[in-house]
1. Please name all residue pairs, on different chains or six or more residues apart, with Cβ atoms under 9 Å, provided the first residue is in the stretch 130-154 and is closer than 24 Å to GLN62 by Cβ and the second residue is among the hydrophobic types (A, V, I, L, M, F, W, C) and in a helix (DSSP H, G or I).
2. Inside the stretch 200-236, can you point out the residues that are under 20 Å from LEU25 (Cα atoms) and either touching a helix residue (DSSP H, G or I) at 6+ places or on another chain (Cβ under 9 Å) or crowded, with 18+ Cβ neighbours inside 10 Å (or both)?
3. Here are some conditions: (1) out of contact with any Cys (no Cβ under 7 Å at 6 or more places or on another chain); (2) among the small types (Gly, Ala, Ser); (3) within 20 Å of ALA214 (Cβ to Cβ). ALA35 meets all but one. Which one does it not meet?
4. Please specify each residue of the stretch 101-145 satisfying the condition of being outside any strand (DSSP E or B) and under 14 Å from the mean Cα position of the chain (by Cα).
5. What pairs come out if I take residues in the stretch 172-186 that are free of Cβ contacts under 8 Å to residues at least 12 places away in the same chain and farther than 25 Å from ILE88 by Cα and pair them with residues that are basic (Lys, Arg) and open to solvent by 30 Å² or more (accessible area, probe 1.4 Å) whose C-beta lies under 9 Å away, six or more apart or interchain?
6. Could you go through the stretch 157-165 and let me know if any residue there is of a type in the set (A, V, I, L, M) and farther than 22 Å from GLY91 by Cα.
7. Suppose we filter SER128, SER157 for residues that are touching a helix residue (DSSP H, G or I) at 6+ places or on another chain (Cβ under 9 Å), open to solvent by 40 Å² or more (accessible area, probe 1.4 Å), at pLDDT 95 or above and not aliphatic (A, V, I, L, M); which single one remains?
Amino acid sequence: MSRHLRLWPASAVMAALAMPVAADLFQFTGSAERADGTPLYDEQHRVEGFCESGIFQPLEHQVTYIRRAEAGEKAFANKMLDYTPSSIRPGVNFRQPDFKESLKITYPNSGSVAVAWQKPGGDIERSSVKVSDNLVVDAGFDNLVRENWEKVVSKNSVKFRFLAPTRGTDYAFILEPAQSEAIDADHVVQIRPVNLVLKFLVDPIILGYNSKGALTAYSGLTNVRENADRNYTAAIRYTVSRYPECELTR
């Protein structure tokens, strides 16, 4: 062995191998409107992640919700998503101070998800739900679409379970091809409940994606509160301001 060959400690070698190939950033904005076109609010999205094998892997996602006013833009809510647990089951920290509401979703262990919901101006309601392999949480649906991109472009369906945090449970849902006169996109899909009774109570969420796998449109119930009794139902158009250096889908 050459005396000039440097021997690195095993711990340093393992740390180097574990490091992401390259840090990267994905940024986009959303403009929410009522069905009649009345503006509601804007969203600013910043997703930090890294490129691995040519595919973008999200790590942290920050969302700022903004209303336009005569004095300028005013942030009224924010959300932080941590994709360390899973790309489809992020940790969630959402706050909307004007209603004194917050929602925190964590994973105390690998088998459960814990929810702490500060009701608008009320008490904190806590619940725990068992984690299944196909459980999707909050904005994890966006990564679910990209991870099943071949099925999406082939117009096949994907079954999963979706966490309903304020109800303290999860429900069976399906991601499937859809048609919408209101959404013009390269690929249009919808998310709807499987249960027949729930189908009459919950309208499908319609999603539009471009050929790169970026979300371009959302139509349905949002997680932003309109008043003490209900959340906004909105049509949201998304515009990408910065793509990561690698691909969003395989």
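The values are calculated or read from the model by the stated rules, or taken from the named source; none is laboratory data. These numbers were taken from a predicted model, which means no experiment stands behind them. Neighbour counts run over all protein chains shown; Cβ positions are idealised from the backbone, glycine included. Surface accessibility is based on the protein's heavy atoms, side chains included, excluding ligands, DNA and RNA. Shrake-Rupley method; radii C 1.70, N 1.55, O 1.52, S 1.80 Å.
1. Once the first residue is closer than 24 Å to GLN62 by Cβ and sits in the stretch 130-154, its partners that are among the hydrophobic types (A, V, I, L, M, F, W, C) and in a helix (DSSP H, G or I) give VAL136/LEU144; VAL145/VAL152; ARG146/VAL152.
2. Applying the first criterion (under 20 Å from LEU25 (Cα atoms)) to the stretch 200-236 yields 209-216.
Once the filter is applied, which keeps residues that are under 20 Å from LEU25 (Cα atoms) and either touching a helix residue (DSSP H, G or I) at 6+ places or on another chain (Cβ under 9 Å) or crowded, with 18+ Cβ neighbours inside 10 Å (or both), the stretch 200-236 yields TYR209, SER211, GLY213, ALA214, LEU215, THR216.
3. Condition not satisfied by ALA35: (3).
4. In the first step, residues of the stretch 101-145 are kept if they are outside any strand (DSSP E or B); the result is 110-111, 119-123, 131-134, 137-145.
Of everything in the stretch 101-145, those that are outside any strand (DSSP E or B) and under 14 Å from the mean Cα position of the chain (by Cα) turn out to be VAL137, ASP138, ALA139, GLY140, PHE141, ASP142, ASN143, LEU144, VAL145.
5. none
6. Narrowing the stretch 157-165 to residues of a type in the set (A, V, I, L, M): 158, 163-164.
Of the ones still in play, those that are also farther than 22 Å from GLY91 by Cα are 158.
Scanning the stretch 157-165 turns up at least one residue that is of a type in the set (A, V, I, L, M) and farther than 22 Å from GLY91 by Cα.
7. On the way: SER128 fails: touching a helix residue (DSSP H, G or I) at 6+ places or on another chain (Cβ under 9 Å).
It is SER157.
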